[in-house]
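Encoded as structure tokens, here's the structure I'll be asking about.
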Amino acid sequence: TQVPEYMVKIEEILKSLHIENILEIGFNAGCSSDSFLSMFRKCLVTSIDICEHNYVSGAKKIIDHVYKYRHNLIIGDSTNVVPLLDSSKKFDFIFIDGGHFGDVPKLDLHNCKRLAHKNTIVVMNDTYNNEINKLDHNISPTRAWKEGITSGLINELGYIDFSIGRGFSWGKYCI
């Protein structure tokens, strides 16, 4: 909701793909989950969040009311939870928008690879490509994404800067 063009661009990226299972790192107030669930009417969304804000439970209740049986919220630190997920379940779309500082974005990007298939689209939220759009919260996600490209983890398909501090990058895991 902070940048309405976000979901328009994500829908454009995913529109020709068959999306059934989505993994979201970072549920927060459920805005992205709501968008994904309405965009792909038959998809299931699994979200992982540390649930540090008091509004998370209210947002989850609304999501469950509107999208019965289509959303699963796993409470915990994504850097610990993702490695424990069943790797036989693959996701068609992985949206990484959890911790924005330190090694968290890098760990999330690396840990999610085992849950991807060759056509999975992965989005790293809050990246920048033009230095003028850099803010504290998007330094680590951008670093993780660029390291993922140079190390051969990710094949970048595109990126977009919306404004200062707001943008994302997308690609596929090199599988």
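The values are calculated or read from the model by the stated rules, or taken from the named source; none is laboratory data. Since the structure is predicted, the reported quantities are computational estimates derived from the model, not experimental observations. Using ideal geometry, Cβ is built from the backbone for each residue, glycine included, and neighbour counts are taken over all protein chains shown. Side chains included, ligands, DNA and RNA excluded: accessible areas come from the protein's heavy atoms. Shrake-Rupley method; radii C 1.70, N 1.55, O 1.52, S 1.80 Å.
For the range 3-54, with all protein chains present and a 1.4 Å probe, just round the carbon and sulfur fraction of the accessible area to a whole percent. All intermediate terms of the calculation are to be shown ahead of the outcome.
Values: 1260 of 2590 Å².
Carbon plus sulfur share of accessible area: 49 percent.
Whose amide H sits under 5 Å from the amide H of residue 47, counting only residues 5 or more places off or on another chain, with H placed in the peptide plane?
When sequence neighbours closer than 5 places are left aside, the close amide H contacts are 24, 72, 73, 74.
Here's a follow-up. Positive end of the charge dipole of the range 18-175 (Lys, Arg +1 and Asp, Glu -1 on Cβ, about the Cα centre): tell me which of 121, 169, 25 has its Cα farthest that way.
121
Same structure, new question: I want the local charge near residue 119. Using Cβ-Cβ distances under 11 Å, sum +1 for each Lys or Arg and -1 for each Asp or Glu among the other residues.
+2
Something else: Report which label in (i) 34, 21, 17; (ii) 27, 21, 15; (iii) 22, 18, 17 holds the value of semi-axes √(5λ) of the Cα gyration tensor in Å derived from the coordinates of this structure.
(iii)
Find how much the distance from residue 65 to residue 135 grows on full extension, using 0.36 nm per residue of separation minus their present alpha carbon separation; answer in nm with one decimal.
21.6 nm
What whole-number value in Å² describes the accessible area per residue of the range 136-175 for a 1.4 Å probe?
46 Å²
How large a share of the accessible area of the range 56-175, in percent, is made up of carbon and sulfur atoms when the probe is 1.4 Å and the other protein chains stay in place?
Solvent-exposed carbon and sulfur of the range 56-175 make up 55 percent of the total.
So, one more: Which value, in Å², gives the accessible area per residue of the range 43-106 when a 1.4 Å probe is used on the protein heavy atoms?
Here the per-residue accessible area is 55 Å².
Leaving out same-chain residues fewer than 8 places away, which lysines sit with a Cα under 28 Å from that of residue 118?
9, 15, 42, 89, 90, 106, 146, 172
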